[in-house]
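To keep things clear, I will list the structure first and then write my remarks on it.
Bear in mind these aren't lab numbers, they're just calculated from the coordinates by the rules spelled out. Keep in mind that what you see is a predicted model, and the values were worked out from it rather than measured. A quick note on method: Cβ atoms are made from the backbone with ideal geometry, for glycine too, and the neighbour counts reach across all protein chains shown.
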Amino acid sequence: ATGAALSEPEAVSFYSGYISGILPALGTSADGHWLVAWVRGLDEESPAGVDGILGTFADGCATEPHALCLTGNRFRVTATYHDHLGRDGVGYAAPLTSESGTFWFFYPASVELILKVVDACAHPDFGNFWVFASGLTDVQVHLEVVDTWTGATWERDTNLGEPFPPALDTAAFDTCDATPAFAEH
């Protein structure tokens, strides 16, 4: 899904009689499409029928070598670094589970960061998303987690020569009530 609209409003059915009392309806499919349908011609003088707009939900996070897509592809995680030799680089993502993964900077077998985004929305004492991260490095790191539904961002920066400290943020994203972005077609 690209988040682009698939159609302009179109008639999706016709009826020669009078229709009343029907409100707009929304339908979705497992492959990310949506349809909003509504009744037109709710008076006896207009032709009755059902109109609708077809669309797709935005992709959220797209899998790529430098990004982790976590918690149902809602969160996009990236990491950049600056090393002791003055080189800048981008971390390579290695997913572990649907809510966790690692990054490596220099060699695939050498994990530099580990992170998870936990959906604690149903937890009565929290009601948000948590970010837990830790590093096995002393290079300068910029770690970024983006909620692709809202654009909200969580970041952690470390200094060159200092260990990456653990982050246990149980209030990272207060975005449980958000809905995914979508586009009309």
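Quick notes on this structure:
- Charge tally in the Cβ shell below 13 Å around H84, where Lys, Arg are +1 and Asp, Glu are -1, H84 excluded: -3
- Distant-in-sequence amide H partners of T175 (H built 1.01 Å from N, under 5 Å): F129
- Percentage, to the nearest whole number, of Cα pairs in the range 68-173 over 23 Å apart: 24
- Amide H partners (placed H, <5 Å) of E112, local residues excluded: F103, W104, F105
- Near R156: Cβ cut-off under 12 Å, other residues only, Lys/Arg at +1 and Asp/Glu at -1. The net charge is -4.
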